[in-house]
Amino acid sequence: MGTDAIWIIGSNMTKFGKHPDKDVVDLAAEASRDALQDADISLSEVGVLGVGNLMNASAGIGQQLQKQIGQTGIPVFNVSNACATGATALRVAIMAVKAGETDVGMAVGVEKLAGAGLLGQRGPKPEAETWQPNGRFGALSSTEGRIGTSIMPGVFAQVGMEYGHKYGGASFELFAKISEKNHAHSTLNPLAAYQKRFTLEEIMNDVMIAYPNTRPMCSGNCDGAAAMIVVSDEKMKSMPSEVQSRAVKVSASVLTSDPYEDGCQILPDVNTLTKNAASQAYEQAGVGPEDLDLVELHDCFATAELVHYDNLMLCEEGGAVDFFQSGAPWRDGTKPVNVSGGLQSKGHPIAATGIANIHEIVMHLRGEAGDRQIEGARVGLAHVIGLGSACGIHILEKVA
Amino acid sequence: MSSTTQIPFVDYLILDDPPYLQAQECKSCGARYFDRRNACANCFANNFQPVAVQSEGVVTSFSIIQMGPNPYVSAIVDCGGTNVKCTIMKVEPTPDHVTLGMRVKLMTYSMGEDNEGTEAVAFGFEPI
Ligand SMILES: [Zn+2]
């Protein structure tokens with residue numbers, strides 16, 4: 001088993017938002033070419049390509065991308081893993097480099113979602129003329145609304161409320177304050193889809209989507225892409241010194257699925273697989289949560305951010321509410337969380353998200369994050385979770 | 001007496017008197033499921049027995065879904081150790097009327113008849 005370090009030498013994300021004049025391949029091409037340029041490396045040196053896209057999962061976006069930026073005949077892995085798709089594409093590239101199959105890997109995540117509406121929402125189906133049981137529950141029609149909800153805003157609302165039931169203190173206002181933080185952070189991120197600061201009152205009085213999540217407390221559907229170049233330790237040492245000095249070490253790269261837990265097939269358990277991934281990542285990296293200078297975690301809804309403070313062990317078990325109320329996850333706090341603005345304001349082009357959150361960490365560790373730079377950042381963690389479920393965690397370190 | 005035949009909205013709603021929810025319990029480890037199974041996700045065995053789930057429980061999580069014209073309450077109910085997903089009926093769908101820890105019980109209601117005269121019956125939970 002390879003134990004040599006993996007390095008990120010090139011990283012890029014497009015502006016997130018509406019790109020009506022660009023298709024999925026345009027966005028992927030932009031991020032890929034910019035990442036290659038950032039790494040000062042030619043596509044001819046890339047030996048493996050991992051490409052994530054959810055909405056066109058069977059369309060071979062990886063090969064479509066090659067047709068536009070360069071067909072070199074290398075293996076392409078088109079992956080789809082819910083909201084963890086981007087992290088999965090990167091995992092593929094890292095695994096190939098770790099396995100010694102190539103020295104240079106590229107990972108791309110891309111999505112076009114602007115105007116897509118809320119995901120998982122289905123239109124009404126016409127009622128059958130005679131009742132017909134269907135599927136694994138033998139249901140006579142859609143269970144949505146009849147047997148609770150399966151749509152994302154409702155599921156993640158229940159995830160947060162479940163935490164509140166278990167530990168207390170998780171009010172509508174508390175969740176809204178988490179959103180207030182992320183929207184405030186976004187004002188410093190020029191690549192965020194939304195850069196508007198909201199008052200707490202504005203957030204709480206906005207349109208309710210799925211209590212306790214109002215519209216600004218939900219991640220925004222938008223277009224975007226992110227790409228990353230990873231290399232082996234040996235390759236890194238052969239790169240020009242300007243590339244080496246900006247390289248960021250991948251100290252941990254972990255992907256988990258949800259293990260069986262009581263009740264996990266009733267309300268998806270997004271906690272256990274995140275805790276497992278976090279434990280594995282801290283162990284792999286040889287760092288603890290106390291060493292992290294910043295964290296990008298998967299705040300697909302404000303209610304989700306709360307539980308992940310706990311899952312990522314940024315606080316003691318059951319202590320997420322106190323952790324937030326201490327001010328710790330604000331950018332001037334002791335453990336800045338989602339200084340990019342998070343999915344609620346940066347936007348959530350699903351397959352791009354799992355690479356874009358790592359890109360954010362890379363920028364801070366390089367000292368290239370501009371106005372939102374966390375000064376002196378040396379260790380950062382990026383977390384992403386896709387319902388179903390898949391969790392990706394990467395811990396990055398500035399070593400040079 | 002009505003001669004109408006009835007059909008449950010889902011297989012796991014048993015239209016007895018009184019109606020109840022029926023789980024498939026793994027004979028090896030006790031894990032409970034409501035769907036058609038190939039094997040147990042916990043212990044991989046594939047021997048199951050039908051068990052009646054307690055019809056009263058406690059709301060351990062909920063959300064009020066307000067994306068359509070008719071807001072409704074989606075909830076997870078702990079029915080004596082078995083979690084059930086449901087819609088809470090007979091309650092104003094506002095945070096003033098739905099609370100964590102609220103006690104609820106199983107209820108059924110008609111979804112109407114198809115053109116062969118078969119009546120579909122669905123379940124929800126209502127406050128006790
Ligand atoms: Zn079992």
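The values are calculated or read from the model by the stated rules, or taken from the named source; none is laboratory data. Predicted, not measured: the structure shown is a model, and the values here were computed from it. Note that we place each Cβ from the backbone using ideal geometry, even for glycine, and neighbour counts take in every protein chain shown.
Structure data summary
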quantity	calculated
Condition met for B:LYS90 (surrounded by fewer than 18 Cβ atoms within 10 Å (Cβ to Cβ) and touching a Phe, Trp or Tyr at 6+ places or on another chain (Cβ under 8 Å))	no
Residue list for region B:26-49, filter: of a type in the set (Ser, Thr, Tyr) and facing another protein chain (nearest Cβ under 8 Å)	B:TYR33
Failed item in (1) under 27 Å from B:ARG37 (Cα atoms); (2) crowded, with 20+ Cβ neighbours inside 10 Å; (3) more than 10 Å from every other protein chain (Cβ to nearest Cβ), with B:VAL104 passing the rest	(1)
Region A:247-293, residues that are β-branched (Val, Ile, Thr), more than 23 Å from A:PHE324 (Cβ to Cβ) and in contact (Cβ under 8 Å) with a residue 60 or more places away in the chain	A:VAL248, A:VAL250, A:VAL254, A:THR256
Every residue from region B:1-52 that is within 10 Å of the ligand (Cβ to nearest atom), hydrophobic (A, V, I, L, M, F, W, C) and without any contact (Cβ under 8 Å) to a residue 12 or more places away in the chain	B:ALA39, B:ALA41, B:PHE44
Single residue of B:ALA23, B:ALA52 found to be more than 8 Å from chain A (Cβ to nearest Cβ) and buried (at least 18 other Cβ atoms within 10 Å of the Cβ)	B:ALA23
Region B:12-27: number of residues that are closer than 15 Å to B:PHE48 by Cβ and more than 11 Å from the chain's Cα centre (by Cα)	4
Candidate set: region A:294-331, residues that are touching a residue at least 12 places away in the same chain (Cβ under 8 Å) and polar (S, T, N, Q); chosen: the one surrounded by the fewest Cβ atoms within 10 Å (Cβ to Cβ)	A:GLN325
Any hit, region B:66-75, residues being over 20 Å from A:PRO268 (Cα atoms), within 16 Å of the ligand (Cβ to nearest atom) and modelled with pLDDT of 95 or more	no
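Results for (1) surrounded by fewer than 24 Cβ atoms within 10 Å (Cβ to Cβ); (2) in the same structural domain as A:LEU312 (by TED's automatic domain parsing); (3) not in a helix (DSSP H, G or I), shown as yes or no for each residue.
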| site | (1), (2), (3) |
| --- | --- |
| A:VAL339 | no, yes, yes |
| A:LEU343 | no, yes, no |
| A:VAL362 | no, yes, no |
| A:GLU368 | yes, yes, yes |
| A:VAL384 | no, yes, yes |
| A:GLY392 | no, yes, yes |
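Rundown of residues vs (1) of a type in the set (Lys, Arg); (2) assigned to a helix (DSSP H, G or I); (3) away from every other protein chain (no Cβ under 14 Å); (4) surrounded by 24 or more Cβ atoms within 10 Å (Cβ to Cβ), yes/no style:
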| position | (1), (2), (3), (4) |
| --- | --- |
| A:ALA157 | no, yes, no, yes |
| A:GLU173 | no, yes, no, no |
| A:ALA184 | no, yes, yes, no |
| A:TYR194 | no, no, yes, no |
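Condition check ((1) in contact with a Gly (Cβ under 9 Å, 6 or more places away or on another chain); (2) outside the structural domain of A:MET236 (by TED's automatic domain parsing); (3) not hydroxyl-bearing (Ser, Thr, Tyr)) across all residues:
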{"site": "A:GLU45", "(1), (2), (3)": "no, no, yes"}
{"site": "A:VAL48", "(1), (2), (3)": "yes, no, yes"}
{"site": "A:ALA57", "(1), (2), (3)": "no, no, yes"}
{"site": "A:GLY62", "(1), (2), (3)": "yes, no, yes"}
{"site": "A:ILE69", "(1), (2), (3)": "no, no, yes"}
{"site": "A:ASN81", "(1), (2), (3)": "yes, no, yes"}
{"site": "A:THR85", "(1), (2), (3)": "yes, no, no"}
{"site": "A:THR88", "(1), (2), (3)": "yes, no, no"}
{"site": "A:ILE94", "(1), (2), (3)": "yes, no, yes"}
